[in-house]
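Okay, structure first, notes after.
The values are calculated or read from the model by the stated rules, or taken from the named source; none is laboratory data. Since the model is a prediction, treat every value here as computed from it, not as a measurement. Because the Cβ atoms are built from the backbone with ideal geometry, glycine has one as well, and the counts that use them run over all protein chains shown.
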Amino acid sequence: MKTRLILIGAGLLLATTSTMAKNQKPFDFYVMSLSWSPEFCQSHPREQQCTRQYGVVLHGVWPQYQTGYPQSCSRESMPSKLVHEFAGLYPNEGLAFHEWKRHGTCSGLSPQDYLQFSQQVKQNFIEPNELKSLTKPLRVTSEQLSQKIIAANPKLNNQSLSYTCTGGGRFLQEIHVCLDKTGNALACSDEIQRKSRRSCGREDFLIRNVR
């Protein structure tokens, strides 16, 4: 099994390299952005996902440079049939098309492989039970939230996690997990860590409850 996983990872990396756009600088790593749905729904109450009691949902899987990131690297479209096959991966289908156009086209993967990779890394992330059953707002520090996430996901560490907040740093908006090109955790870049400290720079922040 271990040998098979290594071969799958090597094949994925080879596919990424071989299908990379000719003029595109190879990216360095991925950020898996996980949105905290109750915070999104605070400002977008009419969105489809806000009719359901979601907690952590997939925003996207984004190729990154150590500084900056590529975007909209080709005009290749995402077939509607594929999005239907991966129903439930994103909180709504429109987001799937957007994420492919803006970020997936820079991965060097085909639409099918990009969705499979996104599904793989999303499924590998275990949402802490405390967040799943959050019936009232929870106030935490970044370090406390990282401890809860790492307890549920021992392969992650403090360096592979970052956060974004809204309301001037008062509310958790997103959890970011930094990954290598085969989906394993790695340390986030200095740029991402700085952005996290600026975005969630207060002593603590509030995680809105799931409704």
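A few comments on the model shown:
- Close contacts from the range 170-199, counting a first residue that is over 13 Å from Ser146 (Cβ atoms) and at pLDDT 95 or above and a second that is among the acidic types (Asp, Glu) and outside any loop (DSSP other than H, G, I, E, B), with Cβ to Cβ under 6 Å and a gap of 6+ residues or different chains, come to Phe171/Glu39; Gln173/Glu39.
- Any chance Pro70 is part of a loop (DSSP other than H, G, I, E, B) and at pLDDT below 95: no
Here is a yes/no grid of residues against (1) under 16 Å from Tyr90 (Cβ atoms); (2) surrounded by fewer than 18 Cβ atoms within 10 Å (Cβ to Cβ); (3) at pLDDT 90 or above:
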position	(1), (2), (3)
Ala15	no, yes, no
Met32	yes, no, yes
Gln42	no, yes, yes
Gly55	yes, no, yes
Trp62	yes, no, yes
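- Applying a threshold of 9 Å to beta carbon distances and a minimum spacing of six or more residues, or different chains, the list of pairs starting in the range 141-166 at a residue that is farther than 18 Å from Val121 by Cα and ending at one that is small (Gly, Ala, Ser) and part of a loop (DSSP other than H, G, I, E, B) reads Cys165/Gly201.
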